[in-house]
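Below is one structure; the comments refer to it alone.
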Amino acid sequence: MKSVPTYCRICEPQCALVAQVEDEQVVKLLPDKSHPVHKGFACHKGLNFVELHNDPDRNNHPQARRNDKNAAAPEFDRVSWDQAAAAVAERITALQDNYGSDSLGFYIGNPSAFNSTGREAARSFARAVGARYMFGSGTQDCSNKFAASEAVFGTANLHPIPDYKHTQYLLSLGSNPKISHVSFVHMTNPMGALRDIVARGGTVKHINPRKIESATPATGDVVQVKPDADVYLLAAMIHEIHAAGRHDTAWVEAHSTNADALWEFAAQFPADRVAPVVGISAADIRQLAHEFAAADGASVHMSTGVNMGRQGTLAYWLVQMLSLVTGNLGKRGGNLYSPGYFPAATVGKPKSDNPFFETEFGELRRIAGSLPGNLLAEHIEAGLVRGLVVMSGNPLLSMAGETRLAEALAKLDFVLVIDIYPSATSRFADFILPATDWLERPDVNSVSLGFQPEPYVQYTEAVVPPRFERKPEWWIFARLQQALGMPSILDGNADPMAKIDRQLEASDLNLDALNAAPSHTIRLPDPDPDVFFELGVQHEGSRVNCWPALIERGAARCTELFNELAAESVDTLKLISLRTNYMVNSWMHNLPALKREHALDNPLHIHPEDMSRLELADGTEVSVASDHGRVIARVHADETLRPGVVAMTHGWGHGNNQRLSLASNHPGTNVNALLPTGMGSFDPLSNMSFMTGIPVQVTAEV
Ligand SMILES: Nc1nc2c(c(=O)[nH]1)N[C@H]1C(S)=C(S)[C@@H](COP(=O)(O)OP(=O)(O)OC[C@H]3O[C@@H](n4cnc5c(=O)[nH]c(N)nc54)[C@H](O)[C@@H]3O)O[C@H]1N2
Ligand SMILES: Nc1nc2c(c(=O)[nH]1)N[C@H]1C(S)=C(S)[C@@H](COP(=O)(O)OP(=O)(O)OC[C@H]3O[C@@H](n4cnc5c(=O)[nH]c(N)nc54)[C@H](O)[C@@H]3O)O[C@H]1N2
Ligand code: SF4
Ligand SMILES: [Mo]
């Protein structure tokens, strides 16, 4: 038995593991106790990945469609890689001959983030074939952060992370670290970090409509806000700090421009005015503001619960402003830039001053190359996108509007899905190409650049050779390029990791050095507060822009939405999302290890007060309806919710997918049927879909 160091690529910590390998088979995955950062931290999802690696339902061979796209159950024939490459190339060529080179669209999903060679290959393939209509999971996840950072810092790649080691105060908005292990901060053992803050006398405040699992006496308490109103809470905090003269004038003057416009904006939202909309008292808002300003090192982090609201871009801007005006941005104990082995912030500058352009749907922009995911169906319906390549994504279940999207996907001339599983989306595929999983491919944690409180770089070899005919994405795209008669990395002896190797040179490192290090890992220096402005901020004079044009564009809408929320009936129920330990988005539903008695479906969580008002009993079936759709769900009484807020877990709805034998036996409901789609359903500043705070009506099913 040999022990091979590697790391998990399911979520952002990318926990270090040791694979026990015998006869080229992974026998077991163990936490890597000798890893300099993770020190043995890992969760059951990563440790049980062997089940996924060996799951008999996986895609193991290239498959070509046999029956009609509208058939209830798709049927495929096994083909060879050569046949598949030739046939896919033929279809792409025909599509482009008929409808133009940009008629082939792309949807690149979340696991690509943890796939250094696959992500690059997908982008370069899309460029090579002349694609313009790019979509991806980023607009269901975080695109507001890229938009705001680009405007405020002059680079989409600067996302200040809390200085967990030194902070005395952490304000955490819309995140549930215990379950999800934090996003846009790549750290080990996040609950341990919260515990340390509290243990040294610091404070952690979770801003959340739910008493989350992460909030315990040892890890901070929850301020239970209404959903979709964080922007007003943050504005009010900034205003209260400014009005009380508790801002750091010297820091603001030294490091920013346009602060006056910020003060003016915030002044519209004093605590007394916003309290009913935010759902906590004005005194509580003031207290949060004053605690933050007074702490000896205060930090702030905001995650998907806020991103998915209607004003994620403005909220992220205000998060940076709160940190700046209290003198915590780029200061020990506040928020820092952690460049890691390569300062990615220096390569995220915007290409033009005005990202917006006219389209037949109205004015749009791209974020990291992508259009709004909520316009994918429109682009197909309008005939702009005639074919689609889907890589490591499952838009049918992860985005809004399953019915409309299914109809659109069925109309496409050509769909290629590159996935490890027969995903729900691949029901519409003409070809399915089997990708390797992360035990079968080499990688570097390059996605962590800029996000690590304890920076390190780790290389992993392929722990075992690919099973069956699975191939890494870089190979798949290169093979397709060859079949299309284009130059490809397979022609010479080019290395798919060459770009990473070049970037490593910035720290005098290379892949060989990583490979030779214990755990294949090199620990890098901790973030230096000074580099925030010196290296991170890209605007002229390294100054943060407190009132960029993009934000000004959103200001009027911010007032309109405030008035709308203020006028809302007190009886309106608002739907939020709820991740659990027993799912990862839509794709870990076929594993026996995650099928626990209490996690076999995704019920509607609702507070007992709302249940009695609506005369609902625990366990009964209800209809949940929004302006956009309706689902049937089982009632699950849940006192952790703020009354008026209901929650369901996304990524379920496997009833149509018999090819996932276990998942389809425990199908659950696709809650995204309740979300808005199309124009008006995403933040126009950032393309980010609206996925939280959705008004719903709940009624007993009779
Ligand atoms: N087990 C598990 N881990 C995962 C994933 C998974 O599916 N399962 N997914 C991975 C992915 S792709 C990501 S992006 C990360 C996400 O990581 P997180 O961003 O931490 O995601 P969640 O755990 O969904 O936490 C979001 C929180 O926001 C709260 N919330 C909802 N609406 C609002 C609001 O309007 N305002 C505020 N302040 N809070 C709100 C919710 O109650 C919830 O607790 O997790 C990753 N890790
Ligand atoms: N209502 C609601 N909807 C949400 C969210 C929410 O909180 N609430 N969260 C959103 C978030 S944060 C995200 S990131 C998106 C995710 O949106 P998507 O990325 O579209 O969906 P996933 O469910 O992550 O699907 C990933 C697919 O990749 C496949 N896969 C896994 N590993 C690999 C690999 O190594 N190679 C290849 N080729 N395929 C692989 C899986 O089998 C799966 O089919 O969903 C979003 N949807
Ligand atoms: S926390 Fe995330 S990265 Fe770590 S083992 Fe669990 S799933 Fe993998
Ligand atoms: Mo995500």
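Just so you know, all these numbers are worked out from the coordinates, no wet-lab data involved. Everything numeric in this text was worked out from a predicted model, so none of it was measured. Because the Cβ atoms are built from the backbone with ideal geometry, glycine has one as well, and the counts that use them run over all protein chains shown.
Details
- Only Lys, Arg, Asp and Glu carry charge here, each on its Cβ (+1 for the first two, -1 for the last two); on that basis the stretch 569-700 has a dipole of about 480 debye about its Cα centre.
- Simple label model, 7 Å out from Cα along Cβ direction - N493 to R553, nm: 4.9 nm
- Per-peptide average of other Cβ atoms within 10 Å, ordering 235-245, 401-411, 323-333 highest first: 323-333, 235-245, 401-411
- Selection from V671, N657, I694, by position along the positive dipole direction of the stretch 569-700 (Cβ): N657
- Scaled against the 2.2 N^0.38 Å expected of a compact globular protein of N residues, the Cα radius of gyration of the stretch 569-700 reads 1.07.
- Contact order relative to length of the chain, as percent, for alpha carbon pairs under 8 angstrom and 6 or more apart: 20 percent
- Cross-link partners for K2 among the aspartates and glutamates, with Cα-Cα distance under 15 Å and sequence neighbours closer than 8 places in the same chain left out: E22, D23, E24, D32, E461.
- Dipole of the stretch 211-323 [Lys/Arg +1, Asp/Glu -1 at C-beta], most positive-end residue of N307, L322, T219: N307
- Relative contact order (%) - criterion: Cα under 8 Å, at least six apart; region: the stretch 57-143: 22 percent
- Structure note, pairs K178/K595; K165/K351; K226/K595; K349/K574: Cα-Cα distances above 29 angstrom occur for K165/K351; K226/K595; K349/K574.
- Normalised convex hull volume, the chain, alpha-carbon set, Å³ per residue: 147 Å³
- Ordering A294, A267, P684 by Cα displacement along the dipole of the chain toward the positive end leaves A294 in first place; charges were set at the Cβ atoms of Lys, Arg (+1) and Asp, Glu (-1).
- Phi to ³J(HN,Hα) by Karplus 6.51 cos²θ - 1.76 cosθ + 1.60 over the stretch 179-189, Hz, x for Gly, Pro: 8, 9, 6, 6, 10, 6, 9, 9, 9, 8, 6
- Beta bridges per DSSP, both residues in the chain: antiparallel share near 50 percent.
- Contact order, relative form, for the stretch 646-702: 24 percent (alpha carbon pairs under 8 Å, 6 or more residues apart, mean separation divided by residue count).
- Put simply, the amide H of Y421, placed in the peptide plane, has neighbours under 5 Å in N59, leaving out anything fewer than 5 places away on its chain.
- Contour excess over end-to-end distance, with Cα ends at D77 and E621 and 0.36 nm allotted per residue: 191.8 nm
- Amide proton proximity set for I576, modelled H, under 5 Å, gap of 5+: V646, A647, M648, G693
- The chain: calculated mean residue ellipticity at 222 nm from DSSP helix runs of at least 4, using -39500 (n - 2.57): -8500 deg cm²/dmol
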